[in-house]
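Below: one structure, written as structure tokens.
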Amino acid sequence: MADLAPPEQEEEEKEQLQNTPRAESPTAVIGSHNVARLLKDTDDDSNTEAEEITSYYHRASGAQTIFRHPRNDDDTINSTRSLYASEVVYIMIHGRRYCKDYFMPNDIKEQERLLMLNHVFLHVFDGRNTTVPLNDRMKILDVGCGTGEWAMAIAEEYPNSEVIGTDIAPIQSSAAPLNAFFELDDAEADGGWTYSDDDFDLVHFRYMKGAFLSWKDVYLQAYRVLKPGAYIEVVDFDDHKRIGRFFGPDSGVPRWLEALEKGTEKSGRSRGITHLEPECLTALGFVDVENHVYTIPIGLRPDDPKAQAIGIQFLSNILKGMEGICLRILTEQMGWSYSEIHAVLDEIGRATWEIATDAEAAGRIGFELEVKVTTGRKPG
């Protein structure tokens with residue numbers, strides 16, 4: 001089931017994953033071969049969009065990690081643990097690599113999926129990295145930065161700003177702008193964040209649903225380190241009820257979603273969407289709180305080349321990410337076996353594929369996921 005693994009380099013991990021016996025599930029086959037075929041069958045405009053995303057996805061993957069230097073000589077061990085990647089202990093569960101208590105893997109497979117997802121987000125936001133107003137002399141904190149793509153992009157957009165990305169795993173690229181820095185840090189570590197009060201112009205969270213025991217505690221830390229008048233921005237997917245209604249009660253989808261919900265509640269790190277509600281920020285003192293909703297199409301949209309390209313890539317991303325979303329939760333919290341998980345995933349994957357690749361139905365019934373963006377300011 002779960003085994004502790006010592007810190008490992010990217011190439012060692014690749015070799016380990018290649019040598020790990022794993023059944024090629026029908027869902028995996030759908031996500032690779034059939035998506036490639038789907039791209040070939042679409043029109044030229046859609047292919048151009050899709051090739052741009054795929055090219056980006058492959059260019060950005062596979063770099064080593066860079067860490068920033070200590071902020072000053074008085075930094076504590078807690079604040080400078082970014083220098084000690086060797087301290088990170090990974091957990092292997094059925095061939096997937098995890099860190100600490102976070103339910104999502106951080107291995108090569110997941111890093112590549114996140115790189116693709118980052119580009120999908122860019123298209124959804126019309127090329128913008130953020131929805132809040134910024135200028136080019138700011139200090140920005142990206143909490144749970146993952147592969148560091150957003151932090152690097154915002155650093156390139158604002159070259160005179162300082163951008164710090166934090167994460168519990170050192171999986172960021174070494175090809176980072178000079179004004180982008182990465183630190184190993186746990187946003188829920190005892191003692192709170194080590195940054196000074198009134199330090200940042202923006203604290204950013206994206207795709208962090210299910211990461212924290214207490215969003216309230218994390219938001220309080222964000223409030224403390226923000227300058228008066230500065231912004232918080234939280235970006236996350238809505239729950240799956242929007243697409244869950246397209247699957248019959250006898251399909252594996254309701255059972256899977258219910259098990260995921262129960263499992264995350266048992267773990268203490270709910271994957272709910274309460275943290276996106278404006279009241280969560282206003283109750284802590286934030287002002288000018290707004291919530292905006294965006295949609296990402298899933299599958300074919302032949303009348304809209306851009307939506308079609310994004311829809312196909314997002315379909316691939318969903319299929320590739322299904323195992324990562326549920327594997328640790330369902331094995332550790334719900335007692336599911338690996339074979340039981342993949343039996344359900346295969347069923348869900350095939351059902352998702354059938355709906356998403358029905359060009360008429362997918363667009364007509366609104367087969368898509370919602371992304372919510374909640375922003376607010378610290379008074380001042």
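The values are calculated or read from the model by the stated rules, or taken from the named source; none is laboratory data. Quick caveat: nothing in here was measured; it's all calculated off a predicted structure. Glycine gets a Cβ as well: all are built from the backbone with ideal geometry, and neighbour counts include every protein chain shown. We work out accessible area using only protein heavy atoms, side chains counted, and drop any ligands, DNA or RNA first. Shrake-Rupley method; radii C 1.70, N 1.55, O 1.52, S 1.80 Å.
Quick look at the numbers
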| item | result |
| --- | --- |
| Unique residue being under 18 Å from Asp238 (Cβ atoms), open to solvent by 30 Å² or more (accessible area, probe 1.4 Å) and not in a strand (DSSP E or B) when the list is Glu261, Glu354 | Glu261 |
| Qualifying positions in region 186-216 - of a type outside the set (A, V, I, L, M, F, W, C), in a loop (DSSP other than H, G, I, E, B) and open to solvent by less than 20 Å² (accessible area, probe 1.4 Å) | Gly192, Tyr195, Lys209, Gly210 |
| Residue in region 245-254 that is touching a Leu at 6+ places or on another chain (Cβ under 7 Å), closer than 30 Å to Thr352 by Cα and not charged (D, E, K, R) present | no |
| Verdict on Arg97 being charged (D, E, K, R) and either buried (at least 21 other Cβ atoms within 10 Å of the Cβ) or in a strand (DSSP E or B) (or both) | yes |
| Number of positions in region 358-367 that are more than 21 Å from the chain's Cα centre (by Cα) and either buried (at least 21 other Cβ atoms within 10 Å of the Cβ) or part of a strand (DSSP E or B) (or both) | 1 |
| Residue in region 145-163 that is in contact with a helix residue (DSSP H, G or I) (Cβ under 8 Å, 6 or more places away or on another chain), open to solvent by 20 Å² or more (accessible area, probe 1.4 Å) and closer than 30 Å to Gly263 by Cβ present | yes |
| Long-range neighbours under 8 Å by Cβ, at least six apart or interchain, first residue at positive phi within region 96-113, second in a loop (DSSP other than H, G, I, E, B) and open to solvent by 10 Å² or more (accessible area, probe 1.4 Å) | Lys100/Ile168; Lys100/Asp186 |
| Check on Arg242, modelled with pLDDT under 95, under 25 Å from Glu368 (Cα atoms), in contact with an Asp or Glu (Cβ under 8 Å, 6 or more places away or on another chain) and part of a helix (DSSP H, G or I) | yes |
| Which listed residue, of Ile310, Ile325, Ile341, Ile348, is in contact (Cβ under 8 Å) with a residue 24 or more places away in the chain, within 28 Å of Asp107 (Cβ to Cβ) and touching a Leu at 6+ places or on another chain (Cβ under 8 Å) | Ile325 |
| Of all residues making up region 170-184, the number that are touching a strand residue (DSSP E or B) at 6+ places or on another chain (Cβ under 8 Å), crowded, with 24+ Cβ neighbours inside 10 Å and part of a loop (DSSP other than H, G, I, E, B) | 1 |
| Given (1) part of a helix (DSSP H, G or I); (2) among the acidic types (Asp, Glu); (3) under 20 Å from Asp236 (Cα atoms), index of the condition Glu370 fails | (1) |
| Breaking point among (1) out of contact with any helix residue (DSSP H, G or I) (no Cβ under 6 Å at 6 or more places or on another chain); (2) farther than 19 Å from Arg206 by Cα, for Gln111 | (2) |
| Criterion: open to solvent by 20 Å² or more (accessible area, probe 1.4 Å) and part of a helix (DSSP H, G or I) - qualifying residue of Leu122, Leu134 | Leu122 |
| Residue ID - surrounded by the most Cβ atoms within 10 Å (Cβ to Cβ), chosen from residues in region 328-338 that are over 17 Å from the mean Cα position of the chain (by Cα) and in contact (Cβ under 8 Å) with a residue 40 or more places away in the chain | Leu330 |
| Residue among Leu319, Leu300, Leu327, Leu345 that is in a loop (DSSP other than H, G, I, E, B) and either modelled with pLDDT of 95 or more or of a type in the set (A, V, I, L, M, F, W, C) (or both) | Leu300 |
| Residue under evaluation Pro305, criteria (1) touching a Pro at 6+ places or on another chain (Cβ under 7 Å); (2) touching a residue at least 40 places away in the same chain (Cβ under 8 Å); (3) open to solvent by 10 Å² or more (accessible area, probe 1.4 Å), criterion not met | (1) |
